Amino acid sequence: MMDLLLPALLTIITAATPLLFAALGEMVTEKSGVLNLGVEGMMIMGAIVGFVAVHYSGSVTIAIVASILAGAFMASLFALLVLKFHASQVPTGLALTIFGLGLSALIGQSMIGIAYDGIPKISLPLLSSIPVAGDLLFRHDALVYFSIVMVGAVYYFLNKTRPGLILRAVGDSHDAAHAMGYSVVTIRFWAILFGGSMAGLGGAYLSLSYSPLWVEQMTAGRGWIALALVVFASWRTGRVLLGAYLFGGISILQLHAQALGIGVPAQVMSMLPYLATIIVLVIISSDPSKIRLSAPASLGRPFQPSR
């Protein structure tokens, strides 16, 4: 039984990691009062740029940095349009996703069919030798460990630091924050850039570790799931972690169900992650008052300084 359970749990961890990166970044962006629907586009650009970088440089470090920069570049385009030119956040985010999917397909034309060995696993001394738990928790690549570190870092930043409290204040009332002398545009710009960097990192994990190769549209809707995760988590860091692993488990359920010969059509099993996303959003939307209490009050509202 354990021989079957352990690989399944390991797969859940790897499936959850890109969702966790993207959802953490989007949560910080939304905490500042900005809704960026371009997560999918930023993730796919991170995936292709990282894969191209590792193919030509041979360095995982360079590839990861390149992916982060690619996500940040895409986010900066979004920030320029919504913060400088006051474009509507929703259509601009959708356009960013479409742009990212198209540009990544163009860049990745020559990368199709090329495989990569994947990011090396790191076994933590002593801990990795613990029966069962050692293989499950302490034999992963650096990005898996880093995703957990980022959960703690984001929580600490938002709740225990002055810049984090200022960012939350901007998201709750940008007019009041502006009246107190804070630069709402600057704060939101850096929050958007952080969200793009994390989405790019999630894309890097997909093409460098989870499935170390390039396939067009390999994000397969994970950016949209990350967006739903933020709402599901009520904009709370710990719940983002739990939600990412929950949705990661649903994502790989289809693979193990097919391997066990369960008589459910493959198409139905492939629908499960997205069906679960829809169900979660419907359940959450059934009580709008809870969403209003949890969501940043200025979320999605454009800011134009009065002076």
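Put simply, the amide H of Asp141, placed in the peptide plane, has neighbours under 5 Å in Ile122, leaving out anything fewer than 5 places away on its chain.
For the range 153-217, the relative contact order works out to 14 percent when only alpha carbon pairs closer than 8 Å and six or more residues apart are counted. Rg ratio for the range 68-180: its Cα radius of gyration over 2.2 N^0.38 Å, N being its residue count, equals 1.56. To the nearest ten degrees, helix 89-107 and the longest principal axis of the Cα atoms of the chain are 40 degrees apart.
Give me the percent relative contact order of the chain, please, defined on Cα pairs under 8 angstrom at least 6 residues apart. Please report the intermediate quantities before stating the final value.
Working: 520 pairs, mean separation 112.4, N = 307.
RCO, the chain: 37 percent.
How many percent of the accessible area of the range 24-182 is carbon or sulfur, using a 1.4 Å probe? Within the range 24-182, the accessible surface is 71 percent carbon and sulfur. Each residue was assigned an accessible area with a 1.4 Å probe, and for Asp175 the value is about 90 Å².
In a shell of Cβ-Cβ distance under 15 Å around Thr97, excluding Thr97 itself, what net charge do Lys and Arg (+1) and Asp and Glu (-1) give? Display every interim value, and only then the final one.
Working: positive: Arg222; negative: Glu26, Glu40, Glu216.
Neighbourhood net charge equals -2.
Under the definition of Cα pairs under 8 Å and six or more residues apart, what whole-number percent is the relative contact order of the range 93-154? Spell out each step's value before the answer.
On the way: 25 pairs, mean separation 15.1, N = 62.
24 percent.
Determine the sum of side-chain charges near Ser211: Lys and Arg each +1, Asp and Glu each -1, restricted to other residues whose C-beta is under 15 angstrom from that of Ser211. Combined, the nearby Lys, Arg, Asp and Glu give -2. Phi-derived couplings, Karplus 6.51 cos²θ - 1.76 cosθ + 1.60 at θ = phi - 60°, listed residue by residue for the range 167-178: 4, 5, 5, 4, x, 7, 7, 5, 5, 5, 5, 5 Hz, with x used for Gly and Pro. By the helix-only formula, in which each DSSP H run with n ≥ 4 contributes -39500 (n - 2.57) and the sum is divided by residues, the chain has a 222 nm mean residue ellipticity of -23000 deg cm²/dmol. Distance distribution P(r), the chain, all Cα-Cα pairs, bin width 10 angstrom from 0: 6, 27, 34, 23, 8, 1, 0 percent. Each residue, Ile122 and Ile98, gets one label point 7 Å from its Cα in the Cβ direction; the gap between the two is 4.1 nm.
Averaged per residue, what accessible surface does the chain expose to a 1.4 Å probe, in Å²?
Solvent-accessible surface per residue comes out at 47 Å².
Against the chain, whose longest principal axis comes from its Cα atoms, helix 39-57 is set at around 60 degrees. Using the alpha carbons alone, the radius of gyration of the range 103-261 stands to its Kirkwood radius in an Rg to Rh ratio of 1.03.
The values are calculated or read from the model by the stated rules, or taken from the named source; none is laboratory data. Only a predicted model underlies this, so the values are computations on that prediction, with no experimental measurement involved. All Cβ positions, glycine included, derive from the backbone under ideal geometry; neighbour counts span all protein chains shown. Surface accessibility is based on the protein's heavy atoms, side chains included, excluding ligands, DNA and RNA. Shrake-Rupley method; radii C 1.70, N 1.55, O 1.52, S 1.80 Å.
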